[in-house]
Structure formats: structure tokens, C-alpha cells
């Protein structure tokens, strides 16, 4: 299982390689660590690494997958960036001015394409609807523009990062 954590402004890739009881072998940014993690009470953990004990408090933040983490010496704002979070973020259609390619971060199925090539679109207008992970997500136009190219058809199965629609915004 692999996830990414946004720690303040840094992105860290974390993969759990092995778990035996409270002992974990993890890969963090391609470096292997052996740690012993014990939950001591709700939201409080004791981490043992190379003979050093680190006490950590995790407090749920104001949005899903957001946490405030305190140790004796440091404070961190952490966002868990898992596949579902990447999918939700991408489905909001935040793209810049110019030629924009709308894609989905994970495999899915094209449910609906309510626009055609050459159509003028308004900011926030639904461009394509994709079903993935038992959820339908609407991808919207990032601004006023024109549908330049539609790469898929309704009913198509698509891969993650596959181009779906190109929008040229003004």
C-alpha cells in the first residue's frame, strides 16, 4: 500500500513493506526504515526508531485526510494524498488558461459527454462525466473556451492520466 503525505509544503511518498505486530518496515522517499509504533491512547502514538522514542499526537483537521501533528519539538500540517483524494481533486477541473487536457487520475468508464467538438463552454460547465471507484465525477471547464478535441466516447473504458477532452480557454 502506497500513499503520499503533504507535510507542510513537502510531499513524501510512503509505502508499508511489512507489518508484524507493532513493527513496520516502511519505505519513505525510497529509503527504508524499521519502526515500532504503538497507539497509547486516542490520537496519541509512541514511535520507536533506532532506540529513540518519539511521542506524537494526531488531531483530525477541518477537512477529510487533513491532520495536525504535534511532537515535543515540532508541529506539522499533514494531508494524506491517497488515490481517492487525487481523484476528487482532479475532478474539480482546476486547469490553467490556454490549451487544457482533461484527464482522470485513475481508470474508469466514460458515462456522459454533454458537449461536442467546437462547442463554446462556460467556466464550471460539465464537460465529461467519468465513473470510477463506484463514484461518478463531473469534470468541468476551467474557464470560458472551446472544446477542441474529444478523445473518447460514452461507454469507453479509460486508463488513469489518459487524455479525455481538450479545452482551449480564453
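Can you find a residue that is at pLDDT 95 or above and farther than 20 Å from residue 159 by Cα anywhere in the stretch 105-115? Looking through the stretch 105-115, at least one residue is at pLDDT 95 or above and farther than 20 Å from residue 159 by Cα. Taking the stretch 126-157 as the range and being over 12 Å from residue 102 (Cα atoms), modelled with pLDDT of 90 or more and crowded, with 19+ Cβ neighbours inside 10 Å as the test, only 145 passes. Within the stretch 82-102, can one find any residue that is exposed (fewer than 15 other Cβ atoms within 10 Å of the Cβ) and at pLDDT 85 or above? Scanning the stretch 82-102, I find no residue that is exposed (fewer than 15 other Cβ atoms within 10 Å of the Cβ) and at pLDDT 85 or above, so the answer is no. For the stretch 61-76, taking the residues that are touching a strand residue (DSSP E or B) at 6+ places or on another chain (Cβ under 6 Å) and in a strand (DSSP E or B), the one that is surrounded by the most Cβ atoms within 10 Å (Cβ to Cβ) is identified as 69.
The values are calculated or read from the model by the stated rules, or taken from the named source; none is laboratory data. Just so it is clear, the model here is predicted, and its values are computed rather than measured. Positions of Cβ are backbone-derived with ideal geometry, glycine not excepted, and every protein chain shown enters the neighbour counts.
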